[in-house]
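Report on the structure given below.
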Amino acid sequence: MRNMRAFLPSLVSLLLSATALAGTGATVATDNVKARLLSENASIAPGSTFTVALELDIRDGWHTYWRNPGDSGQATRLKWTLPPLFLDSDIQWTTPHRFDVPPLVNYGYAHHAMHLVDIRAPKELKPGEVALAATANWLVCSDIFIPESADLQLTVPVGDGAKDPAVAAQFDAARADLPKPAPGTASAELKGQELQLTLNGDWGEVLQHADDVSFFPFAEGSIEYAAPQRMVRDGQAVKLALKVGYAPPKSGPVEGVIVLAQGKGAGSSRLPLTLSAPLAVSPAAGAAAAAPRFA
């Protein structure tokens with residue numbers, strides 16, 4: 001009996017650990033990245049939409065890529081294998097960082113990345129466990145590019161759909177880094193070899209307090225990534241001048257992420273916002289010379 005009493009705390013600890021890890025898939029390590037799947041929910045409720053993340057821990061000095069990788073690279077991709085009637089969605093891309101790899105500029109992530117994906121469960125879901133699987137492919141870069149991949153799995157029980165507190169901080173941090181809707185209106189104008197974005201005065205205080213503004217376009221080749229982005233204040237508005245790339249925008253809105261930065265150094269902060277700016281093309285605007293894109 002004394003031996004049994006001594007064993008019980010260890011048994012309870014083991015069971016609690018297994019429960020905490022129920023929504024965490026096994027880690028697969030490549031030469032430069034450790035990858036795994038995480039479920040925000042400790043269980044899946046029938047008919048619910050829940051969020052799963054592809055978590056990448058990236059080797060120091062290396063980076064993976066955003067949806068628009070910049071001058072070189074390739075966006076991370078996920079191919080899901082789900083049970084019948086489950087539906088996945090596109091990756092929700094957190095705000096990228098700029099990486100200067102002269103003469104190139106890349107957009108992506110260093111150290112750590114959380115790629116969120118919403119998955120819809122069918123109403124007909126029966127009690128038991130749900131096995132989710134995905135093949136993740138990414139390109140990782142330092143001074144060379146290396147394609148890597150991992151076959152990942154995650155098992156989550158069917159239940160009431162409660163969130164898993166063990167991973168709450170990671171999902172909260174990822175959502176905090178998702179671009180928010182812009183608070184005001186914007187416009188875009190193509191003038192020769194320059195694309196000018198205007199953030200209007202209805203953006204309010206967030207624009208007035210910004211020390212710097214930078215733009216990450218969704219469309220590949222729409223700007224020259226390595227060229228300076230010139231910010232000029234025009235009353236309550238801000239204009240951002242960009243050099244067009246090998247595939248300048250021709251119609252429709254100019255879309256991407258606009259980042260408002262305040263302060264410099266360790267005390268700086270940034271506010272990422274989604275941008276959709278109607279495009280006007282001046283008569284003098286012309287297409288930029290075609291430029292090759294590195295693999």
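The values are calculated or read from the model by the stated rules, or taken from the named source; none is laboratory data. Since this is a predicted model, take the numbers as computed values, not measurements. Every residue, glycine among them, receives a Cβ derived from its backbone with ideal geometry; neighbour counts consider all protein chains shown. All accessible areas refer to the heavy atoms of the entire protein, side chains included, with ligands and DNA or RNA removed. Shrake-Rupley method; radii C 1.70, N 1.55, O 1.52, S 1.80 Å.
How many of the residues making up region 152-166 are out of contact with any helix residue (DSSP H, G or I) (no Cβ under 9 Å at 6 or more places or on another chain) and surrounded by 12 or more Cβ atoms within 10 Å (Cβ to Cβ)?
To start, the set of residues in region 152-166 that are out of contact with any helix residue (DSSP H, G or I) (no Cβ under 9 Å at 6 or more places or on another chain) comprises 152-162.
Adding the requirement that they be surrounded by 12 or more Cβ atoms within 10 Å (Cβ to Cβ) leaves 152-159, 161.
Count: 9.
What is the residue count in region 187-200 for residues that are in a loop (DSSP other than H, G, I, E, B) and either without any contact (Cβ under 8 Å) to a residue 60 or more places away in the chain or open to solvent by 60 Å² or more (accessible area, probe 1.4 Å) (or both)? Even if it seems obvious, please write down each step before you answer.
Filtering region 187-200 down to residues in a loop (DSSP other than H, G, I, E, B) leaves 192-193, 200.
Going one step further and asking which of them are either without any contact (Cβ under 8 Å) to a residue 60 or more places away in the chain or open to solvent by 60 Å² or more (accessible area, probe 1.4 Å) (or both), we end up with 193, 200.
Residues that pass the stated criteria total 2.
Conditions (1) open to solvent by less than 20 Å² (accessible area, probe 1.4 Å); (2) among the hydrophobic types (A, V, I, L, M, F, W, C); (3) at pLDDT below 95; (4) not in a loop (DSSP other than H, G, I, E, B), marked per residue:
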site: LEU11; (1), (2), (3), (4): no, yes, yes, yes
site: ALA18; (1), (2), (3), (4): no, yes, yes, yes
site: ALA22; (1), (2), (3), (4): no, yes, yes, no
site: ARG36; (1), (2), (3), (4): no, no, no, yes
site: PRO46; (1), (2), (3), (4): no, no, no, no
site: PHE50; (1), (2), (3), (4): yes, yes, no, yes
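Identify all residues within region 24-34 that are modelled with pLDDT of 95 or more and assigned to a strand (DSSP E or B); write none if there are none.
Answer for region 24-34, where residues must be modelled with pLDDT of 95 or more and assigned to a strand (DSSP E or B): VAL28, ALA29, VAL33, LYS34.
Would you confirm, using the coordinates I've provided, whether ALA227 is open to solvent by less than 20 Å² (accessible area, probe 1.4 Å) and either part of a loop (DSSP other than H, G, I, E, B) or over 28 Å from LEU104 (Cβ atoms) (or both)?
For ALA227, the condition - open to solvent by less than 20 Å² (accessible area, probe 1.4 Å) and either part of a loop (DSSP other than H, G, I, E, B) or over 28 Å from LEU104 (Cβ atoms) (or both) - is met.
With region 90-186 as the region, which strands (runs of 3 or more DSSP E) entirely inside it contain at least 3 residues that are more than 25 Å from ALA42 (Cβ to Cβ) and touching a strand residue (DSSP E or B) at 6+ places or on another chain (Cβ under 6 Å)?
Working: elements: 97-101, 104-110, 112-120, 129-141, 145-157.
Ranges flagged: 104-110, 129-141, 145-157.
Going through ALA121, ALA134, ALA113 one at a time, which residue ends up being over 18 Å from the mean Cα position of the chain (by Cα) and open to solvent by less than 10 Å² (accessible area, probe 1.4 Å)?
Numbers: ALA134 fails: over 18 Å from the mean Cα position of the chain (by Cα); ALA113 fails: over 18 Å from the mean Cα position of the chain (by Cα).
From the options ALA121, ALA134, ALA113, the qualifying one is ALA121.
Exactly one of these conditions fails for PRO278: (1) over 20 Å from the mean Cα position of the chain (by Cα); (2) open to solvent by 60 Å² or more (accessible area, probe 1.4 Å); (3) at pLDDT below 95; (4) not aliphatic (A, V, I, L, M). Give me its number.
(3)
From the set of residues in region 230-259 that are of a type in the set (Lys, Arg) and part of a strand (DSSP E or B), which is least open to solvent (accessible area, probe 1.4 Å)?
The qualifying residue least open to solvent (accessible area, probe 1.4 Å) is LYS239.
Starting from region 28-47, take each residue that is closer than 25 Å to GLY61 by Cβ and list its partners that are of a type in the set (Lys, Arg) and surrounded by fewer than 20 Cβ atoms within 10 Å (Cβ to Cβ), counting only C-beta distances under 7 angstrom and pairs at least six apart or across chains.
Matching pairs, first to second residue: ASN32/ARG59; VAL33/ARG59.
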